[in-house]
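The values are calculated or read from the model by the stated rules, or taken from the named source; none is laboratory data. Model, not experiment: these values are computed from the prediction. Backbone-built Cβ (ideal geometry, glycine too); neighbour counts: all protein chains shown. The protein model used for the area step is the full one, side chains on, heavy atoms only, and it has no ligands, DNA or RNA in it. Shrake-Rupley method; radii C 1.70, N 1.55, O 1.52, S 1.80 Å.
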Amino acid sequence: MLETIVKLFCFTLFAIINFYLMKKILNSKENVLNLKNIILLIGLIIISNLSYTTTYLIQPVLVRIITSIIVYKIIFDESLLKTSISFIIVMILVLIADLINTTILINFITIDLIRNCWYFILLSNINVIILLVIIVHINPLITKIQYFISKIKDEDYKFVLFFYCIIYITGISILYKISNINKLNIEYIINSAIIVVFILLIIYMSKTKHKYHQLLTEYDALFVYVQEFEDTIDSMSMDNHEYKNQLAMLKGYIEEQETEKALTVIEEMTKETYKKDTKILKELKYIPKGGLKGLLYYKIIVVNNNGLKLSINISKSVLELLKKLNLSQVKIICQLIGIYFDNAIEASKESKQKLIALEVYKLQDNIEFVFSNTFAKEKVKISKIGEKGYTTKGKGHGKGTYLANKVIAKNEFLDTKTDIINEMYVKKLIIKLNKKI
């Protein structure tokens, strides 16, 4: 009876730690203290308990894997592919922790005691959970896993799922062989070394895939900017064509000695050009000269070319503060502002009102860049705003926001907030002046 209670307690602990690992890997905000989640986890605990055997058998292992994937898919509402890969990664982490624990305990007690004696079962499972907690707090590892999961595309599911299933089955097979070795000997060490090498190969392949996706992301961003430059060049070409027409008209008036009409044309030409340039420069007068001002100037041209309505309000108080930022800080801020401005432009284009507002002001010890834009409400689930991969721009987007969040997480002097105010999507970039880069 006591052994059954201990096993049930251990299964409960593992259900909670696995939930926490899945939540961490999927970068989800899902709460375990939720009636639906509690019921699903209890069901998972019962199935795991009923299918448990003291020896490693493939059938009960597969039952637990399939059940867990179904449960976590319902809980986290992710695609079957991402849920499956995330759970396989969780199981690989559990295998690593279990192998470390067994390698240590086998020096003091036998395998039979670890599997059949209730207090050694409890000790062994607690050790594994402690090791998992340590692993999950290795930020560089978890960050890379999160990034890898976020880049998985559903169309690649056959290769990715097959690859990770082979990894896990191979790991289980090797662990099964280790489980039949009842002491620390050369065979145990060789099989353990195979698992370690296997895991290192997985890390290497995942790192290669990560670099590949990073290059694709950079290419996508570059492609978007090239398109925007092409649009701007097209607009400038149209302006030049119009100027040539006006100059031809002006030439005709001069040849006919119609001075008043010629002066009227000149006045209209100069007035229009002056109005375009000075309006933008006037709006940006409290932004110091340099890359940030150039970026905002360019983005305003993009807004104008897309026929969007733009409102700009920049406080005089930020001018001297922005001048104090070093080059590295300015480069990071420009990267983030470029992403947020692009997102605002794309979202507002989909809306009926087509409005964008930019505010820059000092609040306490912070400078805040606030981007507000209208958006197509029917395409947006407000409850999901702020979650990883969710965007107002539709499927296939959201990469920029994810990268922006990663940049902010690495820099203490930056923070961001998202909200819906008066039916406007509001994104704040907060620069903390009391923090160093």
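How about the stretch 61-89: which of its residues are of a type outside the set (A, V, I, L, M, F, W, C) and open to solvent by less than 20 Å² (accessible area, probe 1.4 Å)?
Taking the stretch 61-89 and keeping what is of a type outside the set (A, V, I, L, M, F, W, C), we get 64, 67-68, 72-73, 77-79, 82-84, 86.
Once the filter is applied, which keeps residues that are of a type outside the set (A, V, I, L, M, F, W, C) and open to solvent by less than 20 Å² (accessible area, probe 1.4 Å), the stretch 61-89 yields 68, 72, 83, 84, 86.
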Practice task
Output the number of the condition that residue 221 fails; it satisfies all remaining conditions of (1) among the small types (Gly, Ala, Ser); (2) in contact with a Lys or Arg (Cβ under 9 Å, 6 or more places away or on another chain); (3) at negative phi; (4) at pLDDT 80 or above.
Solution key: (4)
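Okay, residues lined up against (1) part of a helix (DSSP H, G or I); (2) under 29 Å from the mean Cα position of the chain (by Cα); (3) under 30 Å from residue 190 (Cβ atoms):
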{"residue": "29", "(1), (2), (3)": "no, yes, no"}
{"residue": "38", "(1), (2), (3)": "yes, yes, no"}
{"residue": "41", "(1), (2), (3)": "yes, yes, no"}
{"residue": "49", "(1), (2), (3)": "yes, no, no"}
{"residue": "60", "(1), (2), (3)": "yes, no, yes"}
{"residue": "83", "(1), (2), (3)": "yes, yes, no"}
{"residue": "92", "(1), (2), (3)": "yes, yes, yes"}
{"residue": "95", "(1), (2), (3)": "yes, yes, yes"}
{"residue": "100", "(1), (2), (3)": "yes, no, yes"}
Completion exercise
Apart from one, (1) at pLDDT below 80; (2) outside any helix (DSSP H, G or I) all hold for residue 78; the odd one out is (1)
Problem - Restricting the stretch 293-316 to residues that are closer than 16 Å to residue 282 by Cβ and among the hydroxyl-bearing types (Ser, Thr, Tyr), the residue that is modelled with the lowest pLDDT - result: 297
Completion exercise
Within the stretch 1-29, residues being under 19 Å from residue 142 (Cβ atoms), crowded, with 17+ Cβ neighbours inside 10 Å and not polar (S, T, N, Q) number 8
Handout entry: Every pair of residues 6+ apart whose Cβ atoms lie under 7 Å, when the first sits in the stretch 306-318 and is of a type in the set (A, V, I, L, M, F, W, C) while the second is surrounded by 15 or more Cβ atoms within 10 Å (Cβ to Cβ) and part of a strand (DSSP E or B)
Key = 308/356; 310/356; 312/358; 314/360; 318/360; 318/361; 318/362; 318/367
Completion exercise
All conditions in (1) in contact (Cβ under 8 Å) with a residue 24 or more places away in the chain; (2) in contact with a helix residue (DSSP H, G or I) (Cβ under 6 Å, 6 or more places away or on another chain); (3) open to solvent by 20 Å² or more (accessible area, probe 1.4 Å) are true of residue 92 except (2)
Practice task
Evaluate the following for residue 6: is it within 25 Å of residue 127 (Cα to Cα), assigned to a helix (DSSP H, G or I) and either in contact (Cβ under 8 Å) with a residue 12 or more places away in the chain or among the charged types (D, E, K, R) (or both)?
Solution key: yes
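Of the residues that make up the stretch 296-307, is at least one aromatic (Phe, Trp, Tyr) and within 25 Å of residue 410 (Cβ to Cβ)? Please lay out each step first, then the result.
First pass over the stretch 296-307, keeping only residues aromatic (Phe, Trp, Tyr): 297-298.
Retained after the next criterion (residues that are within 25 Å of residue 410 (Cβ to Cβ)): none.
So far as the stretch 296-307 goes, no, none of its residues is aromatic (Phe, Trp, Tyr) and within 25 Å of residue 410 (Cβ to Cβ).
So which of 394, 398 ends up being open to solvent by less than 40 Å² (accessible area, probe 1.4 Å), modelled with pLDDT under 80 and out of contact with any Gly (no Cβ under 7 Å at 6 or more places or on another chain)?
Of the residues listed, the single one that is open to solvent by less than 40 Å² (accessible area, probe 1.4 Å), modelled with pLDDT under 80 and out of contact with any Gly (no Cβ under 7 Å at 6 or more places or on another chain) is 394.
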